[in-house]
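The structure under discussion appears below in the form of structure tokens.
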Amino acid sequence: MIKSAVTIALVPQIKTGPWIFWENLEESMRKAAEMGFDGIELFTASGDAISSEILKKLLDQYKLQLAAVGTGAGKVVHGLTLTDTNSAIRENAIAFIKEMMEFGAAFSAPAIIGSMQGSAVQGDSHGYSIALLAEALDVLDQHAASLGVKLIYEPLNRYETNLMNNMDDAAAFIEQNKFKNITLLADLFHMNIEEADPVASIQKNIEHIGHVHFADSNRKPVGFGHTAMQPIANVLMEYGYDGYVSAEAFPWPDPDQAAAQTIRSLKQFFT
Ligand code: LER
Ligand code: MN
């Protein structure tokens, strides 16, 4: 059975991003619960931006799970990436992600590495940047083991990174490096751009997929674009995917309607 989640971003600097809710935490959680989501995916400025006690109280009150925590603020707010050529910046990026992992682990939630992976910049060889990423993920894979949580790595489309853009490359990278606690994020928006056949790619890499970002072709809530969603939902269900399907989409036309449209689509495609 798939579990549903909705994104809540509490970082003013990324307010224009693909997040359904982006204002008051409690209000957003109340709405998520009322609409029937199982969990929330949270984007905060740091691992201590929200008190864990307050979050626990709200999760209990609204009977919601913490599905995952996003680490993107590490790049957007703090200028950190795991593949920066400056080793001090890489160390700070690892420390930032460790802190986010600890924040999530208190609720058994994995952290997501998306934009924090960075990119190979002009002058760096692609292989060198991939080696830096592997080195950082090795440390974080071990940290995930010590916390008893997974860590989620997200291939992004070519306009956001030049490191890994599709599921096959990311799965091969995980296998080559023998990471034991790192799963992949299938973001249906990125996959719409990068995969020749998203359904075949999900089927082939299903063992690695630990989280799904649910968005349409244009990154609007599912139903507002042209992705053929039924075959994607079918392959996830047929192959026993039991993680979260989390709405990471633009709050279009507004957060409430975007959340309502997402719930309608989840019911339509996953039953
Ligand atoms: C993060 O989950 C993601 O998909 C990125 O494209 C956001 O910038
Ligand atoms: Mn995503």
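The table for this structure:
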quantity	calculated
Kirkwood-Stokes translational diffusion coefficient of region 183-231, alpha-carbon pairs, 10 °C, 1.306 mPa s, µm²/s	146
Mean Kyte hydropathy of 0.0 or more with a Cα span along the axis of at least 24 Å, helices from DSSP in the chain	87-105, 126-147
Computed lengthening from A131 to S52, 0.36 nm per intervening residue step minus Cα-Cα distance	25.0 nm
P(r) weight above 33 Å for region 3-269, C-alpha pairs, percent	14
Separation of alpha-carbon centers, region 207-271 and region 79-103, rounded to whole Å	30
Cubic angstrom per residue, convex hull over Cα atoms of region 73-161	88
√(5λ) per eigenvalue of the Cα gyration tensor, region 1-113, largest first, Å	26, 14, 12
GNM flexibility winner over the chain from G127, G36, G210 (Cα, springs under 10 Å)	G127
Leading residue at positive end of dipole, region 7-165 (Cβ point charges), from G39, S119, L140	G39
Unsatisfied cross-links (Cα-Cα over 28 Å) in the set K3/K31; K31/K57; K15/K98; K57/K180; K57/K98	K57/K180
Fraction of the pair-distance distribution of region 192-271 above 14 Å, Cα-Cα pairs, percent	61
Ranked H126, H143, criterion: other C-beta atoms within 10 Å, fewest first	H126, H143
In region 56-94, trypsin sites (Lys or Arg not before Pro) in a DSSP loop with at most 11 other beta-carbon atoms within 10 Å	K63
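No value in this document is a laboratory result; all are computed from the given coordinates. Note that the coordinates shown come from a computational prediction; the quantities given were computed from them, not determined experimentally. Quick reminder, even Gly has a Cβ in these numbers, built from the backbone with ideal geometry, and neighbours come from all protein chains shown.
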